[in-house]
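The values are calculated or read from the model by the stated rules, or taken from the named source; none is laboratory data. Remember, it's a predicted structure, so these values are computed and weren't measured experimentally. When we count neighbours, we look across all protein chains shown, and the Cβ atoms used for this are built from the backbone with ideal geometry, even at glycine. Side chains are part of the model used for accessible areas, which takes the heavy atoms of the whole protein and leaves out ligands, DNA and RNA. Shrake-Rupley method; radii C 1.70, N 1.55, O 1.52, S 1.80 Å.
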Amino acid sequence: MNTNLVKWMRVISAVALGFLFASSTVHAVDSNNRYFAYGLGQKTCQDYINFREKKLEALEQRYQRYTKDELYEIVDKIVEHWIAGFITAHNLYVSDTYDVAGKTNMDDLKVRLENGCRANPKQYFVEAMIALVQQLNPQRVRVDGEK
């Protein structure tokens with residue numbers, strides 16, 4: 001296996017675990033329509049804004065062997081994968097939905113999330129994601145056009 005690939009996979013795994021364990025606040029699941037958010041969903045919108053502004057001081061201190069740009073690239077991929085996972089789960093569990101994102105690409109999704117987070121930086125990132133899929137829902141693709 002390519003040693004660079006192994007190196008990047010280790011870095012991505014380490015950074016992902018760092019994000020998961022750095023959060024001290026979690027949502028609870030209960031009978032009042034509350035839920036538990038995994039991973040980045042537990043972060044605040046302010047954390048996402050800081051990331052988008054490349055304010056990665058905590059990660060830079062912890063992973064000094066990587067440049068700021070390398071860390072940003074790694075975290076950006078983690079964010080993209082979390083967003084993609086959220087949208088995939090949404091597509092699976094929401095009826096009459098093949099693809100809620102439709103023609104919206106990942107870069108547009110991230111900009112819209114940033115705008116939503118700037119409007120309410122204290123909310124959890126998962127709440128911004130929920131608001132985004134609710135905004136996207138009217139333009140969703142309802143049926144796979146290839147069948």
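Checking each residue of the range 108-129 against the condition of being more than 17 Å from Asn50 (Cβ to Cβ), aromatic (Phe, Trp, Tyr) and assigned to a helix (DSSP H, G or I) gives no match. Taken together, the residues in the range 60-87 that are assigned to a helix (DSSP H, G or I) and open to solvent by 90 Å² or more (accessible area, probe 1.4 Å) amount to 5. Are any residues in the range 44-59 over 20 Å from Asn115 (Cβ atoms), open to solvent by less than 70 Å² (accessible area, probe 1.4 Å) and either in contact with a strand residue (DSSP E or B) (Cβ under 9 Å, 6 or more places away or on another chain) or assigned to a helix (DSSP H, G or I) (or both), and if so, which ones? Result: Leu59, single match.
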